[in-house]
Amino acid sequence: MSLSRELQLHITQLKEIRSILNAMKNLAFMEIHKLQRFKTMQGQAVANIERAALDFLDFYPGLANADGHSMQLCILLGAERGFCGDFNESLIKAIESQTYSGVIAVGSRLGNRLEGINANIIATLEGANVSEEVPMIINRLIDTINSLPDYRNGFSNTSFKTAPLLQLTVVYHDDASNQISRRRIFPPFPQQNEQTVHYPNPPILNLEPGVFFADLVDHYLFAVLHEIFYISLMAENHRRQQHLEGAVNHLDDETVKLQRKSQIYRQEEITEEIEVILLSAENL
């Protein structure tokens with residue numbers, strides 16, 4: 001097979017790969033726009049719960065005991081799929097200097113890179129590929145936390161006040177700041193002492209204050225976990241879009257170079273064929 005023919009076959013393969021990568025890039029772009037809407041709505045829901053909780057804790061401050069939490073658990077939100085650069089590696093570096101009692105890793109790609117680190121890996125869970133999978137992954141995460149021997153049924157209303165103390169921190173990529181964020185979600189409402197607006201009368205409740213606060217914490221945990229998962233998944237897709245954009249551009253450049261080489265080789269082959277024809281004509 002001639003060199004120009006081999007180059008043309010290689011160019012065809014590059015174009016097929018380019019088409020696949022470009023389709024993946026477009027899917028990441030579409031997912032980013034969908035996640036942006038979800039993140040905005042979920043952020044508003046979390047802010048409303050936090051405002052209600054701070055108003056409530058103005059009159060029942062003893063229910064929010066944020067001291068003496070013996071178990072420090074870290075939820076590490078990584079990537080489920082590839083093509084997102086050093087997304088997972090940067091998360092691992094962020095917790096190397098931390099002293100957590102245990103780490104729950106979310107994301108198959110992240111879980112495959114945790115061998116050899118000093119942290120105590122309690123569990124590794126599959127991550128979400130798309131936004132529709134986030135609720136299912138969060139339910140699995142909550143089940144994993146509830147199954148821990150030191151914190152069994154920790155998020156249920158019946159054992160909230162008697163469960164062993166726990167500090168829960170989520171480490172994830174924040175798309176807005178383009179940095180890794182650490183957000184403590186339990187004990188909840190750490191901004192209680194920063195409350196600036198105070199109401200003169202306590203809220204009117206249909207439940208006992210302790211029962212109401214336990215229910216409020218349950219709603220808050222589910223809401224804030226959804227918000228964080230959407231933020232992390234959007235950052236992952238942004239990284240994937242940028243990574244694939246670079247790969248597509250690289251393939252385009254390589255294709256142009258190979259097309260030029262193919263043209264040069266083809267011209268040389270045509271010249272050789274003409275010389276052979278002329279020599280044959282002279283012999284005749």
Residue check, Phe38 under 19 Å from the mean Cα position of the chain (by Cα) and touching a residue at least 60 places away in the same chain (Cβ under 8 Å): yes
Qualifying residue in the range 126-149 (condition: under 21 Å from Glu96 (Cβ atoms), assigned by TED's automatic domain parsing to the domain that holds Leu225 and either at pLDDT 90 or above or among the small types (Gly, Ala, Ser) (or both)): yes
All positions within the range 166-203 that are at pLDDT 70 or above and in a loop (DSSP other than H, G, I, E, B): Asp175, Ala176, Ser177, Asn178, Pro187, Pro188, Phe189, Tyr199, Pro200, Asn201, Pro202, Pro203
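Of the residues Ala235, Ala281, which is closer than 17 Å to Gly82 by Cβ and among the aliphatic types (A, V, I, L, M)?
On the way: Ala281 fails: closer than 17 Å to Gly82 by Cβ.
Exactly one residue qualifies, and that residue is Ala235.
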Only one of Phe222, Phe186, Phe229 that is surrounded by fewer than 20 Cβ atoms within 10 Å (Cβ to Cβ) and in the same structural domain as Gly62 (by TED's automatic domain parsing): Phe222
Residue that is surrounded by the most Cβ atoms within 10 Å (Cβ to Cβ), among those in the range 1-40 that are among the small types (Gly, Ala, Ser) and either in contact with a helix residue (DSSP H, G or I) (Cβ under 9 Å, 6 or more places away or on another chain) or outside any helix (DSSP H, G or I) (or both): Ala28
Complete set of residues in the range 241-284 that are farther than 19 Å from Gln13 by Cα, acidic (Asp, Glu) and without any contact (Cβ under 8 Å) to a residue 12 or more places away in the chain: Glu268, Glu272, Glu273, Glu275, Glu282
Verdict on Glu245 being surrounded by 20 or more Cβ atoms within 10 Å (Cβ to Cβ), at pLDDT 80 or above and assigned to a helix (DSSP H, G or I): no
Which numbered condition Met71 fails, given (1) touching a residue at least 60 places away in the same chain (Cβ under 8 Å); (2) touching a strand residue (DSSP E or B) at 6+ places or on another chain (Cβ under 7 Å); (3) buried (at least 18 other Cβ atoms within 10 Å of the Cβ): (3)
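The values are calculated or read from the model by the stated rules, or taken from the named source; none is laboratory data. For clarity, every value in this text was computed on a predicted model and none was experimentally measured. Note that each Cβ is placed from the backbone with ideal geometry, even for glycine, and that neighbours are counted across all protein chains shown.
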